[in-house]
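Asker: Sending over a structure as structure tokens; questions will come in a sec.
The values are calculated or read from the model by the stated rules, or taken from the named source; none is laboratory data. Bear in mind the structure is a predicted one, so any value in this text is a computation, not a measurement. Cβ: placed from backbone, ideal geometry, glycine included. Neighbour counts: every protein chain shown.
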Amino acid sequence: MDYNTEQKKEYEEGLSFDTVLLYAKKVLEKWHIVVLTGLVCAIIGLAIAFLTYTDKYSSQIMLIASNKSSALAAAVQSQSDFNASASLASSIKYVFTTTELSTKVADSCGYKLSADQVKSYVSVKSVEETPIIYITVTTTDPNVSYAIANAYVDNYSEAAEAAFPNTALTVIDPPLLPSRPNTDRSKIIYPMLGLLVGLFAACVFIVFSVIYKDTLKISDDITNKLGMKVLGVIGKVTRKTKKGEPKQGIIITDKRTGFGFIESYKIIRTKIEHATERQNYKAFVVTSTMENEGKTTSATNIALSLAQNGKSVLLIDADLRKPSVAKTLGFSAADDEGICGIVSGKKTLKESIKYSEKYQLFVLVSGKAVENSTEVLSSQKMSEIIESAKKEFDYVIVDTAPCGIIADASILATYCDTIILVIKQDYASARRIKRAVENFENSGSEVLGCIFNDSEGSITKGGAYGKRYGYGYGYGYGRGYGKGYGYGYGYGKKSKKNK
């Protein structure tokens, strides 16, 4: 079996399970819509039951059929005679709905009724494998039901005799005047039916909305829909922060994130290191198509993971419109101008880069948002910043603005070696992602691969760490950064620990 065939088989095997999990998740997320729809339909069913219901009254006759010769010798009636009587009962019951008998009943019941009306009021049932016959008359008037039932008692024998001469019919239980209406099951059935229809319809609507939503629902969609490589799959992790604890992103140095989360980034780190060995890549742009896909957290954790492996790593916050690397790491960077300070000539690259002893990571953060980010990043000075960083560090990780919103990522991609695209599960449309990738390719930039982020319940065959773990920290912005981080001056391969 070749690679493509095996990959296709894995995709087909994993698709059904993963998509079912996704559909279930979406239905649970919108449980209030499902419940509300079910309740509305149940109320509609109840309303229909009340509007269409009329009290009905039934009067019933029970008869027993027998062979006349057996009836005369009832004391010695055999099993064969009993079976014959049961057979007679199943046949003779049709006599009670004939036009002839119905006409006689209509004429003698004391009410102005037609034969067809009588037929519509009467139901005849024989008990299986017994000679018992039940005649039930149901109308909206208890007196009419009782009168029709009595008329049957008075007229049935002549009709039965004409049709079955050797059969005797005996009334065992005569009709009674109904004292109360029949039990109204429609008041239960209609609301229950409405509830079930509503729940089912809501679930179907939600599932179809997911199916027809042109998003990437499982990690294999990256390969099958986009034709791109998957660098890693990061699941979803929720983490509670203690009161008074500085706000920061979910990062691999925090053990509360879990083993799977950390291992996911180790796998991504390994693939990045292999790319560096094969193609001498050093500078990586990390971006996403839309906001809130987790690109900043991905860029930060990639940098931290590489630094943990003994590499000198510079993490650059180049999302100048909404800088958030400092917040993710828990730094205070309100006064840092970052790239803007270097491009304007206020500071040098060496003065702007800071080293975090805690994370063993070099950072170039920005504390203030700027509106003219495209002009700043497209300057010659920005190109020089990246080139200088590539000479001094083993890896340069650049966090940029979403590539599907502004052109900043495309500009930075021309200075860097390759691109890592973060794709959040069931978020950006495949069409929009393709358009963003085409823009990179048209400018001569290469996408190394994708990180499938915020994946829930994804355990497709061939998966690894991270298909069940990860984070749900999106592309969030805001103020109120955490305070305090240690840093030293000087940078480069030999100054990783401020030596």
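Asker: Pick from segment 84-130 the residues that are among the charged types (D, E, K, R) and outside any helix (DSSP H, G or I): which of them is farthest from F164 (Cα to Cα)?
Answerer: The residue in question is K112.
Asker: Does F164 satisfy the condition of being at negative phi and either free of Cβ contacts under 8 Å to residues at least 60 places away in the same chain or in the same structural domain as D426 (by TED's automatic domain parsing) (or both)?
Answerer: no
Asker: Among the candidates I188, I172, I206, single out the residue that is more than 30 Å from T140 (Cα to Cα) and either out of contact with any His (no Cβ under 8 Å at 6 or more places or on another chain) or surrounded by 14 or more Cβ atoms within 10 Å (Cβ to Cβ) (or both).
Answerer: Every option except I206 fails the conditions.
Asker: Residues in segment 246-275 that are closer than 24 Å to A436 by Cβ and polar (S, T, N, Q): how many?
Answerer: 1
Asker: Within segment 313-332, is there a residue that is at pLDDT 95 or above and over 27 Å from I433 (Cα atoms)?
Answerer: yes
Asker: Within segment 36-49, identify whether any single residue is surrounded by fewer than 13 Cβ atoms within 10 Å (Cβ to Cβ), at pLDDT 80 or above and at negative phi, and answer yes or no.
Answerer: no
Asker: Also, I was wondering about something else. Out of I148, I133, I189, I need the residue that is β-branched (V, I, T), modelled with pLDDT under 90 and in a helix (DSSP H, G or I). Which one?
Answerer: I189
Asker: Here's something else I'd like to know. Sort out which residues of segment 249-268 are part of a loop (DSSP other than H, G, I, E, B) and not acidic (D, E), and write them in order of number.
Answerer: G249, I250, I251, I252, T253, G258, listed by residue number.
Asker: Say whether the condition of being assigned by TED's automatic domain parsing to the domain that holds T400, of a type in the set (F, W, Y) and modelled with pLDDT under 90 is met by at least one residue in segment 274-286.
Answerer: Looking for residues that are assigned by TED's automatic domain parsing to the domain that holds T400, of a type in the set (F, W, Y) and modelled with pLDDT under 90, one finds none in segment 274-286, hence no.
Asker: Suppose we filter K236, K225, K217, K213 for residues that are basic (K, R), under 38 Å from the mean Cα position of the chain (by Cα) and surrounded by fewer than 16 Cβ atoms within 10 Å (Cβ to Cβ); which single one remains?
Answerer: K213
Asker: Taking segment 300-340 only, how many residues are surrounded by 22 or more Cβ atoms within 10 Å (Cβ to Cβ), polar (S, T, N, Q) and more than 24 Å from I267 (Cα to Cα)?
Answerer: 1
Asker: Show the residue pairs that are 6+ apart or on different chains and have beta-carbon atoms under 6 Å apart, the first residue being within segment 221-235 and in the same structural domain as V437 (by TED's automatic domain parsing), the second being part of a loop (DSSP other than H, G, I, E, B) and at pLDDT 90 or above.
Answerer: Between residues of segment 221-235 that are in the same structural domain as V437 (by TED's automatic domain parsing) and residues that are part of a loop (DSSP other than H, G, I, E, B) and at pLDDT 90 or above, the close pairs are I222/M228.
Asker: Kindly indicate which of A326, A307 is in contact (Cβ under 8 Å) with a residue 24 or more places away in the chain and either more than 37 Å from the chain's Cα centre (by Cα) or at positive phi (or both).
Answerer: On the way: A326 fails: either more than 37 Å from the chain's Cα centre (by Cα) or at positive phi (or both).
None of the other options fit; the residue is A307.
Asker: Still on this structure, please answer the following. Given the conditions (1) of a type in the set (S, T, Y); (2) under 22 Å from G232 (Cα atoms); (3) at pLDDT 90 or above, report the number of the one that S356 does not fulfil.
Answerer: (2)
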